[in-house]
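The values are calculated or read from the model by the stated rules, or taken from the named source; none is laboratory data. Predicted, not measured: the structure shown is a model, and the values here were computed from it. Ideal geometry is used to build each Cβ from the backbone, glycine not excepted, and the neighbour counts take in all protein chains shown.
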Amino acid sequence: MENFSKKRKRTFTNHPKPRGSEWIRIEEKLANHKELLSIASFLCQQNESWIPIIAEYGLPQLERQPIFPSLLKAIVSQQLSGKAAKAIMTRLNGLLGDTVTEVEMAHRILELEQVQLRQAGLSQRKVEYLRGLAQLFANGTLSDEELANLSDDDLLSRLLTVKGIGEWTIHMVMIFALQRKDVLPFGDLGVCKGAKKFFGLSDQQKRWKKEDWEALFETYRPYRTYASWLMWKVNSPHFVIAMEK
């Protein structure tokens, strides 16, 4: 296996030297977001192949979100297409009504009849997972404040004890709820497929273990969240268009 773990010299400048029209597009796209421009600069210095992709898609502005509904959404989305998960979440949100706090939402889930949750499209197992999670938030065993203040490793250890929550679910919460900038969701199918295209990996390499993925993305620390997000974009139908421009 090619050794991807060799560390490259890193420089944290505001932006790399201009690289033609595509870099100008990046500067224009991220002009009002200095931190994102700095991150784009870093990624492009590590690998210039990022330039046309970032020029096309930019980088995401991560926003802090409440943890409980984010965990709920991640559990619902497990092993489902985005379209199917969205449909279930729409029906589930209709059942939850105007709940304001995570504790209110947790209590509401516990109040709902099992048949109501099943009719929303949830499997029996996911109903059990959501009820178990709701119970932990309702009785104060888990809270947004506590979880948000944990390190990545401690957050993984804390939530992996909850039935129905695995590393993928926690990684999604780290990225989309807690704005963690250095998350590598190595078990995500979209990231794996995008990496196969971007790095030219073989089918055998696509089935790498965790340590192999970490070695491949090591050079993108401390911004592996953004590298992963770009892998999702690389896996989109529009990736070829981005590369041809």
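Below, the figures for the structure above:
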item: Tally, over the range 28-57, of residues that are surrounded by 18 or more Cβ atoms within 10 Å (Cβ to Cβ) and outside any helix (DSSP H, G or I); result: 1
item: Candidates Leu160, Leu216, Leu189, Leu201, filtered to the one that is free of Cβ contacts under 8 Å to residues at least 12 places away in the same chain and farther than 30 Å from Val127 by Cα; result: Leu201
item: Subset of the range 93-109 that is surrounded by 13 or more Cβ atoms within 10 Å (Cβ to Cβ) and either in contact with a Lys or Arg (Cβ under 9 Å, 6 or more places away or on another chain) or among the acidic types (Asp, Glu) (or both) - its residue that is nearest to Ser143 (Cα to Cα); result: Glu102
item: Counted residues, the range 77-96 - those being part of a helix (DSSP H, G or I) and under 15 Å from the mean Cα position of the chain (by Cα); result: 2
item: Residues satisfying the stated conditions in the range 134-145, i.e. touching a residue at least 12 places away in the same chain (Cβ under 8 Å) and either outside any loop (DSSP other than H, G, I, E, B) or among the charged types (D, E, K, R) (or both); result: Ala134, Gln135, Leu136, Phe137, Ala138, Asp144
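Matching residues to (1) without any contact (Cβ under 8 Å) to a residue 12 or more places away in the chain; (2) closer than 26 Å to Leu230 by Cα; (3) out of contact with any Leu (no Cβ under 6 Å at 6 or more places or on another chain); (4) not assigned by TED's automatic domain parsing to the domain that holds Glu218:
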{"site": "Ile26", "(1), (2), (3), (4)": "no, yes, yes, no"}
{"site": "Ile54", "(1), (2), (3), (4)": "no, yes, yes, no"}
{"site": "Gln78", "(1), (2), (3), (4)": "no, yes, yes, yes"}
{"site": "Ala84", "(1), (2), (3), (4)": "no, yes, yes, yes"}
{"site": "Leu92", "(1), (2), (3), (4)": "no, no, yes, yes"}
{"site": "Thr99", "(1), (2), (3), (4)": "yes, no, yes, yes"}
{"site": "Val103", "(1), (2), (3), (4)": "no, no, yes, yes"}
